[in-house]
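*Asks:* Take a look at this one; I'll ask things after.
The values are calculated or read from the model by the stated rules, or taken from the named source; none is laboratory data. The structure displayed is predicted, hence computed values, not measured ones. Positions of Cβ are generated from backbone atoms using ideal geometry, with glycine treated the same way; all protein chains shown enter the neighbour counts.
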């Protein structure tokens, strides 16, 4: 209350001023407290950054730089407007830090209108430039059938989502040599491991603005952020997934896939186009066990990288739903009933958990078979 004289007539949301004033005071005196209703950083910035002025201390004959200290626990005295702006920036940083620990990690940073889309464009451009430099300058990269992917990215029917699926040989497998669009609207969304890409607020912000959706490995197909991925598909966007669920660098057949990708296909109102992609050589560029059992800090160079794009996988989802419902009839067990998955509506039918398991298994096996066929082809190319 003693720290700011808020321009209340200019601030459309008076509650913002109250929340932000309290938050600043709490942080600076070391008594930060979480607020359930605090405004988002964007809202604070748009409403308050040009609508405040530092409080004149009110002591006769003294200016801003002569204000005596107020109570250490309840007030702050700003020296000048520059200090006030710096304080506001610090406050926004703290809000970002707290936001990272909330259930939906920095969801506001993933919005297309976040700060006018500038952070998203900057991140996607920077990542794309770095990936292409690694692929073209530091290594030799060959891409087979890239036109198939780019045609689907740019020219598929409106409202039809695209899911690309690939083997997971490395943490650096996206955006190489023409596989990443620098247009923020066309660039892919990707499911990214929360424990790797979102382990601190800085990483969280960068990956969020780069169109990454955090996924908790082992969190199940109905975890919170899977709903966000489904919303992106409903918008007709491009989503990339690694259905193996973790990095596998051994040159062995594709392992049994996780059901996350299959559940997105089944739950999406419009059946997505599913395109398989296989990577080779990325295990040599970014080995998981390089020095002291850890991956190198930067990609290695002078490696032969290969990316092979397959043909879209055909799914007759209504027929697969009917088969799953028929196969699951009379096979409900007590252990399955205890899990209590939500009933799924797909292709005009209601599927209980048992039917969903049959359906997701069938979808995943078809994707696995396509990836394995493409993997064998990539070895011969």
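*Asks:* Please indicate, with yes or no, whether at least one residue in region 233-240 is without any contact (Cβ under 8 Å) to a residue 24 or more places away in the chain, in contact with a strand residue (DSSP E or B) (Cβ under 8 Å, 6 or more places away or on another chain), assigned by TED's automatic domain parsing to the domain that holds residue 296 and within 30 Å of residue 253 (Cβ to Cβ).
*Replies:* For region 233-240, residues without any contact (Cβ under 8 Å) to a residue 24 or more places away in the chain, in contact with a strand residue (DSSP E or B) (Cβ under 8 Å, 6 or more places away or on another chain), assigned by TED's automatic domain parsing to the domain that holds residue 296 and within 30 Å of residue 253 (Cβ to Cβ): absent.
*Asks:* Of all strands (runs of 3 or more DSSP E) completely enclosed by region 135-230, which ones contain at least 2 residues that are in contact with a helix residue (DSSP H, G or I) (Cβ under 7 Å, 6 or more places away or on another chain)?
*Replies:* On the way: elements: 140-144, 162-166, 189-193, 212-215.
Correct list: 162-166, 189-193, 212-215.
*Asks:* Return only the number of the condition from (1) in a helix (DSSP H, G or I); (2) out of contact with any helix residue (DSSP H, G or I) (no Cβ under 7 Å at 6 or more places or on another chain) that residue 120 does not satisfy.
*Replies:* Residue 120 satisfies all of (1) in a helix (DSSP H, G or I); (2) out of contact with any helix residue (DSSP H, G or I) (no Cβ under 7 Å at 6 or more places or on another chain) except (2).
*Asks:* Going by what's in this entry, would residue 201 be described as touching a residue at least 40 places away in the same chain (Cβ under 8 Å) and within 14 Å of the chain's Cα centre (by Cα)?
*Replies:* Judged against the criteria, residue 201 is a match.
*Asks:* A follow-up question, please. Can we say residue 276 is closer than 18 Å to residue 244 by Cβ, modelled with pLDDT of 90 or more, in contact with a strand residue (DSSP E or B) (Cβ under 6 Å, 6 or more places away or on another chain) and not in a helix (DSSP H, G or I)?
*Replies:* It is true that residue 276 is closer than 18 Å to residue 244 by Cβ, modelled with pLDDT of 90 or more, in contact with a strand residue (DSSP E or B) (Cβ under 6 Å, 6 or more places away or on another chain) and not in a helix (DSSP H, G or I).
*Asks:* Kindly indicate whether residue 318 is touching a residue at least 60 places away in the same chain (Cβ under 8 Å), farther than 18 Å from residue 251 by Cβ and more than 24 Å from the chain's Cα centre (by Cα).
*Replies:* Taking the combined requirement at face value, the residue does not satisfy it.
*Asks:* Could you go through region 246-264 and let me know if any residue there is touching a strand residue (DSSP E or B) at 6+ places or on another chain (Cβ under 6 Å) and assigned to a loop (DSSP other than H, G, I, E, B).
*Replies:* Within region 246-264, not a single residue is touching a strand residue (DSSP E or B) at 6+ places or on another chain (Cβ under 6 Å) and assigned to a loop (DSSP other than H, G, I, E, B).
*Asks:* Within region 247-284, which residues are under 21 Å from residue 211 (Cβ atoms), out of contact with any helix residue (DSSP H, G or I) (no Cβ under 7 Å at 6 or more places or on another chain) and surrounded by fewer than 19 Cβ atoms within 10 Å (Cβ to Cβ)?
*Replies:* The answer is 270, and nothing else.
*Asks:* Within region 253-273, can one find any residue that is at pLDDT 95 or above and farther than 21 Å from residue 190 by Cα?
*Replies:* Yes, the conditions are met somewhere in region 253-273.
*Asks:* How many residues are in contact with a strand residue (DSSP E or B) (Cβ under 9 Å, 6 or more places away or on another chain) and at pLDDT 90 or above when one looks only at region 321-359?
*Replies:* Within region 321-359, residues that are in contact with a strand residue (DSSP E or B) (Cβ under 9 Å, 6 or more places away or on another chain) and at pLDDT 90 or above number 11.
*Asks:* Now, a different point. Would it be correct to say that residue 161 is at pLDDT 95 or above and closer than 30 Å to residue 341 by Cα?
*Replies:* Working: at pLDDT 95 or above: yes; closer than 30 Å to residue 341 by Cα: yes.
So residue 161 fits the description; yes.
*Asks:* If residue 342 meets every condition in (1) free of Cβ contacts under 8 Å to residues at least 24 places away in the same chain; (2) not in a helix (DSSP H, G or I) apart from one, which number is that one?
*Replies:* It is condition (1) that residue 342 fails.
*Asks:* Give the residue that is surrounded by the fewest Cβ atoms within 10 Å (Cβ to Cβ), with candidates limited to residues of region 206-230 that are out of contact with any strand residue (DSSP E or B) (no Cβ under 7 Å at 6 or more places or on another chain) and under 19 Å from residue 120 (Cα atoms).
*Replies:* Among those residues, the one meeting the criterion is 206.
Let's see how each residue does on (1) assigned to a helix (DSSP H, G or I); (2) in contact with a helix residue (DSSP H, G or I) (Cβ under 6 Å, 6 or more places away or on another chain); (3) over 22 Å from residue 229 (Cβ atoms):
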position	(1), (2), (3)
297	no, no, yes
308	no, yes, yes
319	yes, no, yes
359	yes, yes, no
370	yes, no, no
